[in-house]
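S.K.: Sharing a structure here in structure tokens format.
The values are calculated or read from the model by the stated rules, or taken from the named source; none is laboratory data. Here the structure is a predicted model, which is why all the values come from computation and not from measurement. Note that each Cβ is placed from the backbone with ideal geometry, even for glycine, and that neighbours are counted across all protein chains shown. These accessible areas exclude ligands, DNA and RNA; they are computed on the full protein's heavy atoms, side chains included. Shrake-Rupley method; radii C 1.70, N 1.55, O 1.52, S 1.80 Å.
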Amino acid sequence: MTTPRFAAFAWLLAAACAQAVPPPMGYDEARHLLARTGFGPTDAEVRRYAAMTREQAVTGLLRGTRTEAVTPPPAWARDDGPLRAPRGESASVEERRAFQQRNVREGLELRAWWVQEMLATPSPLTERMTLFWHNHFVSSQQKVRFARLMHAQNATLRAHALGSFATLLHAASKEPAMLVYLDVAGSRRGQPNENFAREVMELFTLGEGRYTEQDVKEAARAFTGWSLDRDTGRYLFRPGLHDYGTKTVLGRTGRFDGDALLDVILAQPQAATFVTAKLWREFVSADPDPAEVTRIARVFRDRDYDIGAALRELLLCDAFWAADNRGTLVKSPVELVVGTLRQLELTPPQSVAFAVASAGMGQNLFAPPNVRGWPGGEAWINSSTLLARKQFLDRVARLDDAPGATMAATTTMRAPAEGAAPANADDAAAQRFARRVEAGLRDLRFDAGQWVARQPGATPSAKMRSAQALLLPLPPVTAVPPAVDADAGAFVRAALLDPAYQLK
């Protein structure tokens, strides 16, 4: 027979156990997590994670990351033959033109390949982190020229995207694309080039004001002899060009080579803080919390610069989930383009048009504007890029309209110069750009009615509310009129064009 005292004890025990197990996140929190760590989650993805706790979800995301792409790269990316560019007076005009045309073609193929990987990957977080490091360890095809080297760098960033930052720093620093972009390949004893030495401290590890000009001069000597083999396109150390003398950098003195110098930098506590703050701005908010950044940076450093450990702390901190930080970050052009295709469950037969669309909005993959990368945040939005973004979204929303609908060719949707961020162009260039994007859009098929019908809900209105909760991180800025609420196509168009859709 159960006594009242035993029953009370059992009830208290059950209550304590219930409190010890956090409840599932629910739909809104799952959507927030997946939108911040990927590209436009689908309803099925959100519902799968909604049944998990925050910790289970973050653990699952990190456990599912990859070190290699699932999309096979272009055939030329696997070439290991000599790097040859026409040089000198002996090079004919035809040779130079053919080399430039090949660079343009391979550059577009590379951009299309990466967009396809972002769409196909089972781990959107992997590609988000690869994109993050692409904007951290910056190089550009405009200067590097060889798309093969840009692809190799991309593979290195992915391989270490959530591994050890120390290992990533060493590997990224020796990438031939980096050696060319920051002029390390030509640096030699007696004539050290300071570009990489400066940027590795200012932009990659420590930040401004954390080193002196003398540190730069001394560090540059450590990297002399780092070069690349033009016959293989790989890193090559040339001992005859290295400065073996004593250097003093950041208060440490020794006969440092490049690798030893990177370890001297990593020994600075500020390195973990600098990278953590940048991760915070990418995933949490534009204004890092100093106390939380210090705490997470300590974990980052204590775990031997484990990027996954730092990201785990970041994604599980209260600030990440705070209501005030929801829907406050602006989607990058790549996130907008790829996320729209993913959320509307569109599978393009070719991806080059969508890489071009992203470039027209200000994010030309493999070609950040300068060594500081894309500034991001609110800088993604100005009068020109906002119009370009709206034109793209409006055209996607009208894919099921009658044939003949096209995307307007305005000067905001212009063809970017190869390897460079979009610049001013005449109407003819804008027309060429719009035609390329339009060609990709014409290959897509989208039925708004069917897409809305697949969303959860017992009635059409309930399904539209579910669709709105999936597409928007916040309530719509513009209330949807009742007439629109009855038309699936108009409803989707209104959601995509609402200002809240630009946010994550």
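S.K.: Per residue of the range 112-118, what does 6.51 cos²θ - 1.76 cosθ + 1.60 with θ = phi - 60° give for ³J(HN,Hα)? Whole Hz please, x for Gly and Pro, Karplus curve as stated.
M.R.: With coefficients 6.51, -1.76 and 1.60, one gets 4, 4, 5, 4, 4, 5, 4 Hz.
S.K.: Within 10 Å of each candidate Cβ there may be at most 15 other Cβ atoms; applying that plus a DSSP loop requirement, which trypsin sites (Lys or Arg not before Pro) in the range 246-282 survive?
M.R.: Filter output for the range 246-282: R255.
S.K.: My understanding is that a pair violates if its Cα-Cα distance is over 25 Å; which of K331/K390; K174/K278; K278/K390; K278/K331 do that in this structure?
M.R.: Violating the 25 Å Cα-Cα cut-off are K278/K390.
S.K.: Please compute the per residue accessible area over the chain with all protein chains in place, 1.4 Å probe, rounded to a whole number of Å².
M.R.: That works out to 44 Å² for each residue.
S.K.: Viscosity 0.692 mPa s, temperature 37 °C: what is the translational diffusion coefficient of the chain from Stokes-Einstein with a Kirkwood Rh over Cα pairs, rounded to a whole number of µm²/s?
M.R.: Stokes-Einstein gives a translational diffusion coefficient of 133 µm²/s.
S.K.: Leaving ligands, DNA and RNA out of it, work out the accessible area of V200 with a 1.4 Å probe and give it in Å² to the nearest 10.
M.R.: Number for this one is 0 Å².
S.K.: Would you mind finding the longest exposed-site-free stretch of the chain, with exposed GluC sites (Glu not before Pro) meaning DSSP loop and at most 10 other Cβ atoms within 10 Å?
M.R.: In the chain, the maximal stretch lacking such sites is 209-504.
S.K.: Related question: Give me the compactness ratio for the range 190-289, meaning the Cα radius of gyration over 2.2 N^0.38 Å.
M.R.: In units of the 2.2 N^0.38 Å rule of thumb, it is 1.22.
S.K.: Report the convex hull volume per residue for the range 148-208, counting only C-alpha atoms, in Å³.
M.R.: 82 Å³
S.K.: Grab the beta carbon distance between D318 and T59, set R0 = 22 Å, and tell me the FRET efficiency rounded to 0.05.
M.R.: Efficiency at R0 = 22 Å is approximately 0.80.
S.K.: So what is the relative contact order for the chain, in percent, with contacts set as C-alpha pairs under 8 Å and at least six apart?
M.R.: Relative contact order of the chain: 15 percent.
S.K.: Starting from the Cα of K217, draw a straight line to each of the aspartates and glutamates and keep only those under 20 Å, dropping any in the same chain fewer than 8 residues away.
M.R.: D183, E194, E199, E202, E208, D243, D257, D259, D263
S.K.: Rounded to whole Hz and in sequence order, give me ³J(HN,Hα) for the range 238-251 from the Karplus expression 6.51 cos²θ - 1.76 cosθ + 1.60, θ = phi - 60°, writing x for Gly and Pro.
M.R.: 10, x, x, 9, 7, 8, 8, x, 6, 10, 10, 9, 6, x
S.K.: Percent of accessible area on the chain owned by carbon and sulfur, 1.4 Å probe?
M.R.: Of the solvent-accessible surface of the chain, carbon and sulfur hold 53 percent.
S.K.: Okay, moving on. Once you keep just the Cα pairs under 8 angstrom separated by 6 or more residues, what percentage relative contact order results for the range 177-228?
M.R.: Once normalised by length, the contact order is 49 percent.
S.K.: Right, next: Enumerate the calculated ³J(HN,Hα) couplings along the range 162-168 in order (Karplus 6.51 cos²θ - 1.76 cosθ + 1.60, θ = phi - 60°), each rounded to whole Hz, writing x wherever the residue is Gly or Pro.
M.R.: Karplus-based 3J(HN,Hα) across the range 162-168 equals 10, x, 8, 5, 4, 5, 4 Hz.
S.K.: Let me ask something additional. How big is the range 452-494 on each of its three principal axes, counting only the C-alpha atoms and giving the largest first in Å?
M.R.: Ordered largest first, the range 452-494 gives principal extents of 25, 23, 13 Å.
S.K.: Would you pull out the residues with amide H under 5 Å of L228's amide H, same chain only if 5 or more places away, H placed 1.01 Å from N?
M.R.: It is L236, by chain and number.
S.K.: Another one. Put L497, L470 in order of accessible area, largest first, 1.4 Å probe: what do you get?
M.R.: L497, L470
S.K.: For T328, what accessible surface area do you get with a 1.4 Å probe? Give it in Å², rounded to 10.
M.R.: The accessible area of T328 comes to roughly 70 Å².
S.K.: What translational D, rounded to a whole number of µm²/s, comes out for the range 103-189 from Stokes-Einstein when the hydrodynamic radius is the Kirkwood one over Cα pairs, at 4 °C and 1.567 mPa s?
M.R.: Answer from the Stokes-Einstein relation: 96 µm²/s.
S.K.: Follow-up question, since we're still on this one. Relative contact order of the range 226-283: what whole-number percent is it, with Cα pairs under 8 angstrom and at least 6 residues apart?
M.R.: 18 percent
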